[in-house]
Amino acid sequence: MIDRDQVLHVARLARLSLSDEEVERMSGQLSGILEHIEKIGELDLEGVPPTSHVVEVTNALRADEPRPSWPREQILDAAPSVRDNGFEVPSPQA
């Protein structure tokens with residue numbers, strides 16, 4: 001089980017301020033997470049390929065094909081400031 005000091009250490013690293021009640025709750029929750037990880041570690045995964053999704057994902061992204069853009073004049077008409085046929089942006093402050 002994760003103890004109070006470990007929870008406070010992780011909270012400090014994450015720059016979190018936790019109440020005593022939150023520390024106790026996090027201790028139980030983080031311990032539960034580690035128990036689940038231990039159970040997963042007990043599985044025989046020999047020959048199981050690594051995956052990024054639990055189910056097969058197809059057609060998640062559209063094809064990257066060129067297509068016509070909006071007319072430049074229409075886009076620049078909505079810009080707050082235009083210069084040299086493009087958006088004018090403020091200079092970065094040093």
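The values are calculated or read from the model by the stated rules, or taken from the named source; none is laboratory data. Bear in mind that the values here come from a model prediction, so they are computed numbers and not experimental data. Because the Cβ atoms are built from the backbone with ideal geometry, glycine has one as well, and the counts that use them run over all protein chains shown.
How many residues are surrounded by fewer than 10 Cβ atoms within 10 Å (Cβ to Cβ) and not in a loop (DSSP other than H, G, I, E, B) if we restrict to region 17-29? Outline the logic, then answer.
The first filter runs over region 17-29 and keeps only residues surrounded by fewer than 10 Cβ atoms within 10 Å (Cβ to Cβ), leaving 17, 19-21.
Pick out the ones that are also not in a loop (DSSP other than H, G, I, E, B) and you get 20-21.
The total comes to 2.
Do we find that Ala14 is surrounded by 10 or more Cβ atoms within 10 Å (Cβ to Cβ) and of a type in the set (Gly, Ala, Ser) in this structure?
Numbers: surrounded by 10 or more Cβ atoms within 10 Å (Cβ to Cβ): no; of a type in the set (Gly, Ala, Ser): yes.
No.
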So for region 30-42 (the condition being among the hydroxyl-bearing types (Ser, Thr, Tyr) and surrounded by fewer than 10 Cβ atoms within 10 Å (Cβ to Cβ)), does at least one residue qualify? no
Within region 43-60, which residues are under 23 Å from the mean Cα position of the chain (by Cα) and surrounded by fewer than 10 Cβ atoms within 10 Å (Cβ to Cβ)? Pro50, Thr51, Ser52, His53, Val54, Val55, Glu56, Thr58, Asn59, Ala60
Restricting region 46-69 to residues that are of a type in the set (S, T, N, Q) and over 30 Å from Val89 (Cα atoms), the one modelled with the highest pLDDT turns out to be Thr51
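With the requirement that a residue be on the phi < 0 side of the Ramachandran plot and either part of a loop (DSSP other than H, G, I, E, B) or acidic (Asp, Glu) (or both), what does region 2-16 give you? Talk me through it step by step, then tell me what you get.
Taking region 2-16 first, the residues on the phi < 0 side of the Ramachandran plot are 2-14, 16.
Passing the criteria: Ile2, Asp3, Asp5, Ala14, Leu16.
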Does Arg72 meet the test of being surrounded by 10 or more Cβ atoms within 10 Å (Cβ to Cβ), modelled with pLDDT of 95 or more and of a type in the set (Lys, Arg)? no
